[in-house]
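Coordinate-derived values only; no laboratory data. In this text the structure is predicted, and so the values were computed from the model without any measurement. Glycine also receives a Cβ, built like all others from the backbone with ideal geometry; neighbour counts cover every protein chain displayed.
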Amino acid sequence: MRTHPGSVVALSGGVGGAKLALGLHRILDTGKLTVICNTGDDFRHLGLHICPDIDTILYTLSGLADPDRGWGRHGETWNFMEALKDLGGETWFRIGDRDLAIHTERTQRLEHGESLSAVTDHFRQRLGISTRIVPMSDDPVRTQLLSEAGWLDFQDYFVRQRCNPAVREIAFAGAEKSGPAPAAISALNDPQLQAVVICPSNPLISIEPILAVPGIREALKGCSAPLIGVSPIIGGRAVRGPADKLMRELGFDSSATAVAQRYSDLIDAWVVDKVDADTLVPSNIKKVITSTMMVSMEDRERLARDVLDATQQMSSKQPSTTKTADVSA
């Protein structure tokens, strides 16, 4: 049952963030959700413009995502990759036969002058998705990681090298010259905005690229709706991906507390799992304790409701007199 009529903006990376985005998509009124996606993972491969996080959101919200892998399309076949291997081509980044279509169509449209925002909106309409899906920027911003072997592009680190190299620094190349996608700023300026949600995505390589785009952090700070973040760390470990590893290598604690500190100038509330009930947050940030593990569809919808219920208790961005709310399911 949809019980939250206001509009909501969610900031998301790929698989982890997509789970909560799907929960929000299912409980909100049609067309009331906008997902601002990380594009720092985007890259050119085999001549194609690939947007892993945008595609994960598209596939997840359209019901096309592979539930086992967590990425790509269900029912995928791999004839293209097998033929490419026979020819001695690069196969470290696997592109399924059905997945190939979205990369090919995106590349053609971009090369004919369409913006990434326009192409993404076209895809979400063709896939029957009512939620608006917006890239953080139409300009190229690329996440790069400094390792012992030098600077690595994100997909090289993440896929080809399976996150094995130790990371010393993270940079977002091109961010200083980029601008926010117009639809992202429009969504944050919506007078009917009920809440802004930072999904439980990797803070270092999924959310901070979004915040690095000039104008987005400022729009978030100027937003009248409460901003609530959901920790991607449970019991000191990332539910998925290398967030905990990266945080330790860069000298941070792998904890819900440490992630909250990174967002402390933005968030009004911080959602943590029950095992992290002792998480420390600044006095002006409300702590919300619930179950944040999302295994089933019911989990996704329940967490989405818990998040929005917490924001409804916060009429503005003023410090709450009740710092901790237990909204256990």
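Can you list the aspartates and glutamates whose alpha carbon sits under 19 Å from that of residue 274, skipping same-chain ones fewer than 8 residues off?
Partners found: 244, 253, 298, 299, 301, 306, 309, 326.
With a Förster radius of 25 Å, plug the Cβ-Cβ distance of residue 66 and residue 171 into 1/(1 + (r/R0)^6) and report the FRET value to the nearest 0.05.
Working: r = 31 Å, r/R0 = 1.25.
E(calc), rounded to 0.05, equals 0.20.
Quick one: among 241, 88, 128, which has the greatest mean-square fluctuation in a GNM of the chain with alpha-carbon springs under 10 angstrom?
Result for the chain, Cα springs under 10 Å: 88 fluctuates most.
What's log10 of I(q)/I(0) for the chain at q = 0.08, 0.10, 0.14 Å⁻¹, Debye sum over Cα points only, no solvent?
-0.34, -0.55, -1.11
Give me the net charge for the shell around residue 165: Cβ to Cβ below 15 angstrom, other residues only, Lys and Arg +1, Asp and Glu -1. Mind dumping the intermediate values first?
Details: positive: 160, 162, 168, 245, 248; negative: 148, 153, 156, 169, 249.
Counting the neighbours of residue 165, the net charge comes to 0.
Could you derive backbone 3J(HN,Hα) for the stretch 62-72 from the dihedral phi with the Karplus parameters 6.51, -1.76 and 1.60 (θ = phi - 60°), listing whole Hz in sequence and x where the residue is Gly or Pro?
Using θ = phi - 60°, the values come out as 8, x, 9, 5, 6, x, 8, 6, x, 9, x Hz.
Would you mind counting up the charge near residue 176? Only other residues with Cβ under 15 Å from its Cβ, with Lys and Arg at +1 and Asp and Glu at -1. Intermediate results must be reported in sequence, preceding the final value.
Working: positive: 142, 177, 217; negative: 139, 208, 218.
Every neighbour counted, the sum reads 0.
Normalise the Cα radius of gyration of the stretch 179-249 by 2.2 N^0.38 Å (N = residues in it) and let me know the number. Mind dumping the intermediate values first?
Working: Rg = 13.8 Å, N = 71, 2.2 N^0.38 = 11.1 Å.
Expressed relative to 2.2 N^0.38 Å, the Cα Rg reads 1.24.
Work out the charge dipole of the chain with +1 on the Cβ of Lys and Arg and -1 on the Cβ of Asp and Glu about the Cα centre, then indicate which of 203, 125, 25 is farthest towards its positive end.
25
For a quick check, take a GNM of the chain with Cα springs below 10 Å and name the residue from 63, 75, 229 with the largest mean-square fluctuation.
So, out of 63, 75, 229, the one fluctuating most is 75.
Using the Cα atoms of the stretch 62-129 to build a convex hull, what is its mean projected area in square nanometres? Each step should come with its number before you reach the end.
Details: hull surface 21.9 nm².
Average projection, Cα convex hull of the stretch 62-129: 5.5 nm².
Hey, in the GNM for the chain with a 10 angstrom Cα cutoff, which one of 52, 226, 214 fluctuates hardest?
214
Testing the spin-label approximation: label points 7 Å from Cα along Cα→Cβ at residue 87 and residue 108. State their distance in nm.
1.8
Take residue 297, project a point 7 Å from its Cα along the Cβ direction, then tell me which residues of the stretch 53-77 have their backbone nitrogen under 11 Å from it.
Inside the label zone: 63.
Mind ranking 243-256, 17-30 by how tightly packed they are, going by the mean number of other C-beta atoms within 10 angstrom, highest first?
Per-residue Cβ counts within 10 Å, averaged per peptide and sorted highest first, yield 17-30, 243-256.
In the chain, what percentage of the DSSP-assigned beta bridges are antiparallel, given to the nearest 5?
Details: 17 of 46 bridges.
Percentage antiparallel, nearest 5: 35.
Quick one: Karplus J couplings for the stretch 32-48, per residue in order, coefficients 6.51, -1.76, 1.60, θ = phi - 60°, nearest Hz, x for Gly and Pro?
Values, residue by residue: 8, 10, 10, 9, 8, 9, 5, 10, x, 7, 4, 7, 9, 8, 6, x, 10 Hz.
Given a cut-off of 23 Å, name the pairs among 221/286; 32/286; 19/85 whose C-alpha atoms lie farther apart than that in the structure shown. Before the final figure, lay out each step's value.
Working: 221/286 17 Å; 32/286 25 Å; 19/85 33 Å.
Exceeds cut-off: 32/286; 19/85.
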